[in-house]
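First comes the structure, then the notes that go with it.
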């Protein structure tokens, strides 16, 4: 009977898998197929799913998993240590977005370094850092370049403008990553992915068509309740067909071609490199290194920053959470010694972090231990 209802709802759905919200909700709620694991890799999706109470609408056989879609969260401890190393250089000002400043390193965070006298400043755009360099030609301004395809173009544009204007006291400490090489590493953790809407505006659908050919399925998703439910309905329907797929459920923003200008800028100034993801390890070709012709604006080269592997708190289970192997309440530190006011791991620091979402929306402390969600 449930299968008949599901088929009836599917047949009434709008063409090309773009369901109306009412149909999407019905498909999600009466899903009766095999158990499926769906991983949202975007931290904004994680918070939106909690905010809209979407987990409470899911049947028992639909398991939502939060993955490594927060750039601050997947930035390894060693990078924080390297940034702290830079704060000890004479005449250097470090600039960063707010979340990164509180991520613990092996010994201290950037906030700790600042409390000890380091010149660490929060900016709202890399262009703020570039302007700071132009206004203070006798001081070295380093911007901590941590992000995915969404934020990388603006940071690279600053480098390009610095070179054109002859601003030599501006540089990036780079830890940028691209998502496309992460999905094959994570494919055994989920049956399908909710692909990130923000990143997809830059990449377009091309990378997902390629992943589809490799047997990896997913749907690009927006951020409203209706858009998330639509994407989930599409995923559940397409998974039932048993073939790999790549669907665009965010067509009002994401196009097939994405942003060719952004991708051209990335290709012009950077080259792929192997890089470490917190909790996952090295993912070949998933990093973006500045090309040699821009070495003068590469802080690691400019200041001979040593490669530091870092030593995260061994009790913190951020790595397991980022791989989707456990949920935050299963970490013994969650809500007890690790809180937003006193974070032990990056997943609790970031405004997009999975631990921060669980803490904010599902209770915390001892009571959270019983809440594992779906």
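What follows draws every value from the coordinates through simple rules; no lab data is involved. Computed from a predicted model, the values in this text were never measured in an experiment. So basically every Cβ, Gly included, is an ideal-geometry build from the backbone, and we count neighbours across all protein chains shown.
Run the numbers on the chain and let me know its relative contact order in percent, using alpha-carbon pairs under 8 Å that are six or more apart.
Once divided by the residue count of the chain, the mean separation gives 22 percent.
Using 0.36 nm times the number of residues separating residue 210 and residue 135, minus their current alpha carbon distance, what extension gain do you get?
Full extension from residue 210 to residue 135 adds 22.5 nm.
With the crude spin-label approximation of a point 7 Å out along Cα→Cβ, what separation in nm comes out for residue 119 versus residue 37?
4.8 nm
Treat the count of other C-beta atoms within 10 Å as a stand-in for reagent exposure and order 325, 76, 227 from fewest to most.
With the sparsest Cβ surroundings first, the list reads 325, 227, 76.
Among DSSP beta bridges whose residues both lie in the chain, state the antiparallel percentage, nearest 5.
Working: 8 of 36 bridges.
So the antiparallel bridges in the chain amount to around 20 percent.
Expressed as an acute angle from 0 to 90° and rounded to the nearest 10, what is the orientation of the C-alpha long axis of helix 260-269 relative to the principal long axis of the chain?
40 degrees
Can you order the peptides 219-226, 293-300, 159-166 by their average number of other Cβ atoms within 10 Å per residue, highest first?
Highest to lowest by the protection proxy: 219-226, 293-300, 159-166.
Starting with the fewest neighbours, write out 178, 46 ranked by other beta-carbon atoms found within 10 Å of each beta-carbon.
Listed from fewest to most nearby Cβ atoms, that is 178, 46.
Cα axis of helix 77-87 to longest principal axis of the chain: angle in degrees, 0 to 90, nearest 10?
30 degrees
Label-point separation (nm) for residue 128 and residue 315, each offset 7 Å from Cα along Cα-to-Cβ?
3.4 nm
How far, in degrees from 0 to 90, does helix 2-12 lean away from the longest principal axis of the Cα atoms of the chain, to the nearest 10?
70 degrees
Among (1) 141, 48, 42; (2) 74, 48, 30; (3) 123, 48, 45, only one was calculated for this model; which label is it, if the read-out is Cα extents along the principal axes in Å?
(2)
With a Förster radius of 22 Å, plug the Cβ-Cβ distance of residue 336 and residue 224 into 1/(1 + (r/R0)^6) and report the FRET value to the nearest 0.05.
0.05
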